[in-house]
Amino acid sequence: MRVLAALVLAPLTIGAAYVGGWLWALLVTLVSVGLFAEWLMVVGAGSTALTGAGTIVIAMMGLCAAAGALKTAIIVGCLGGAIIMLIARGKFMWAATGFTYASAALLASILVRKDLVNGFSALMFVLLVVWATDIGGYFAGRGIGGPKLWPRVSPKKTWAGAFGGFAASLAVASGFAAFGVGKAVPLMLVSAVLSVVSQAGDLFESAVKRRFGVKDSSHLIPGHGGLLDRLDGFVAAILVAWIIGFLRHGVHSAGSGLMVW
């Protein structure tokens, strides 16, 4: 079921990423709403009012970001975040963290793809690095085993798996460079950073679930659990990827900032 689900979801994701524009923004917005809803369920704050408010705010942010109104999206997010914290009351810190998590994933995913020159290649680079880290870590961990990475948080993850995922991410960078998309050394350095960040994002989500005694964020994706379970690494990686691109080439050319050195 895990493999079959991946074979269905991966082409759909790549297709939407290739088309870009409103289709990609719609997919990212729906996923971000799902991330926030699952987060609330994990931390025990999944009320109808809170989930509904978050859905409206994230949808408005996605609409603004897709239309190029980034400042408006940020203002909506700040005001909406304050409302969500008021509704959450005793769980306001956890609700605010979840809203920030989902909103960051939303804006970074849209803004990286919005680069008209290198948006698609940058997005595919991040996706493939995260997927390679996940797959390489799985096979290295199962095949080699050995000492655990952080047994208190994630009992199944090993140091061998971490290094296996790291090595697989470098192979992705080498592949991009071999096809003339970016230079080998800078891309390998970026992929190394994104691989480590992706694994850290995975551990962060595992720590939150462990804190609240939850195994899976949901059962939405057969064999994978929920959106949080599947996208924890991507959320961390796409945010850091956008920050790197933004620092180098600005808000609207983050894809080029990530890929062109």
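Nothing in this text is a laboratory measurement; each read-out follows from the coordinates by a stated rule. Predicted, not measured: the structure shown is a model, and the values here were computed from it. Using ideal geometry, Cβ is built from the backbone for each residue, glycine included, and neighbour counts are taken over all protein chains shown.
Distance between the C-alpha centers of segment 228-242 and segment 52-81? Whole Å please.
19
How far apart, in nm, are two points set 7 Å out from the Cα along the Cα-to-Cβ line at LEU30 and at ASP216?
According to this spin-label approximation, the distance is 2.0 nm.
Per the helix-only calculation at 222 nm, which mean residue ellipticity applies to the chain, given -39500 (n - 2.57) for every DSSP H run of n ≥ 4 and division by its residues, nearest 500 deg cm²/dmol?
That comes out to -27000 deg cm²/dmol.
Over segment 4-88, what is the mean sequence separation of C-alpha contacts under 8 Å (at least six apart), divided by residue count, expressed as relative contact order in percent?
Once normalised by length, the contact order is 26 percent.
Which shape class applies to segment 101-187: rounded if a/c is under 1.5, otherwise prolate when a/b exceeds b/c and oblate if not, where a ≥ b ≥ c are the square roots of the Cα gyration tensor eigenvalues?
In terms of gyration-tensor shape, oblate.
When the chain is fully extended, how far beyond the present Cα-Cα distance does ALA184 get from LEU86, taking 0.36 nm per residue of separation?
This chain segment gains 30.4 nm when fully extended.
Express in nm, to one decimal, how much length is gained between THR48 and VAL117 on full extension, taking 0.36 nm for each residue of separation and deducting their alpha carbon distance. Show your work: numbers first, answer last.
Details: separation 69, 0.36 × 69 = 24.84 nm, distance 4.13 nm.
Net length gain for the segment: 20.7 nm.
Relative contact order for the chain: what is it in percent, counting Cα pairs under 8 Å that are at least 6 residues apart?
22
Put +1 on the Cβ of each Lys and Arg and -1 on the Cβ of each Asp and Glu in segment 139-248; which of ILE243, LEU149, LEU227 then has its Cα farthest toward the positive end of the dipole?
After comparing all options, I get LEU149.
Note the count of lysine pairs whose C-alpha atoms are less than 24 angstrom apart in segment 154-248, limited to pairs 8 or more residues apart or on different chains.
Values: LYS156/LYS209; LYS156/LYS215; LYS157/LYS209; LYS157/LYS215.
Close lysine pairs under the 24 Å cut-off: 4.
In whole angstrom, note down how far apart the Cα centers of segment 149-212 and segment 99-121 are.
19
Scanning the chain for helices, which whole DSSP H stretches are 30 Å or more long along the axis (Cα) and average 0.0 or more by Kyte-Doolittle?
Those that clear 30 Å and a mean of 0.0 are 21-42, 92-114, 119-144, 184-211, 227-249.
Below 17 Å, Cα to Cα, which aspartates and glutamates can LYS91 reach? Residues fewer than 8 away in the same chain don't count.
GLU38
Given 0.36 nm per residue, what is the gain on full extension from ILE243 to THR97 after removing their alpha carbon distance, in nm?
50.7 nm
Could you work out the relative contact order of segment 53-195? I mean the mean sequence separation of Cα pairs under 8 Å and 6+ apart, divided by the number of residues, in percent.
Numbers: 161 pairs, mean separation 23.6, N = 143.
17 percent.
When a/c reaches 1.5 or more, the comparison of a/b and b/c decides; with that in mind, is the chain rounded, prolate or oblate per its Cα gyration tensor?
The shape class here is oblate.
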